[in-house]
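This report concerns only the one structure given below.
Just so it is clear, none of the values below were taken in a lab; they were calculated from the coordinates. Computed from a predicted structure; not experimentally measured. FYI the Cβ positions are ideal-geometry reconstructions off the backbone, even for glycines, and counts take in every protein chain you see.
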Amino acid sequence: MPTLIAGAIAVLVLYLLLQMFRAANPVVLARALKITGGVVSLAVAAFVGVRGELAVAIPLGIFGAGLLGWSPFGTGAIPNFGGIFSGASARSKGQSSQVRSHFLDMTLDHDSGALSGRIVAGPYAGRLLDEFDLGELTAMITTFDGESVALLESYLDRRFPAWREHAQGNAAGGQRRAAPGGKMTDEEAYQILGLQPGAGRDEIGRAHRALMKKLHPDQGGSTYLAARVNEAKDTLLRTHNG
């Protein structure tokens, strides 16, 4: 009977994971895998421990605790198993990039690659994009200017990877193009690259390369945001050259 129950749990977990893989964005998926892996590891460790196999239960329990971000030996005493799923050996210490348009204020977290947004104009001003479902978000496209549409599409590509396949008509199909904006200021360029004013050429280059790895279209990123990152780099380098 215990074997049958364990098998049923394994099948259920596998099914849920497959469903998550189909629709979840990479950031949410990585977080879910860490939590699920930690819970499953602790559950198996408890089951094995009850049977008296402590040599297996103890390290498995420590591994599961590490996935959930807890260490019985204190911070840094055991490896950061979360890095297995995040794919990052070095953190960028909370850096983020910010891109604004008439309707949206978007933020890209450098550590996780998560893209979040806040509406800054119109009837929904002050609300987060995460508060709306796909239908509500695509309905906003017809009310936004071209630059805001490009930012919204970048957000939709990350949160709903298959949204374009189900979009209907030009309004929701992502066929509008961002209208050319004015000349980018140094302040905007620093915000986009996630740098402090006065950053040197080397810092600009490193920030540009790191962001392009996350945003380049060849890597499944956003064409519009990649173009903005390139423009920010060029703007700041012209300032240094001038």
- Looking only at region 110-153, which residues have a backbone nitrogen under 13 Å from a spot 7 Å from the Cα of residue 213 in the C-beta direction? 110-113
- Query: Given the Cα-Cα distance of residue 51 and residue 127 and 0.36 nm per residue of separation, how much length would full extension add, in nm?
  - Reply: 22.2 nm
- Span from the region 225-242 Cα centroid across to the region 137-165 one, whole angstrom: 25 Å
- Nearest-0.05 FRET efficiency for residue 39 and residue 201, computed from C-beta distance (R0 45 Å): 0.45
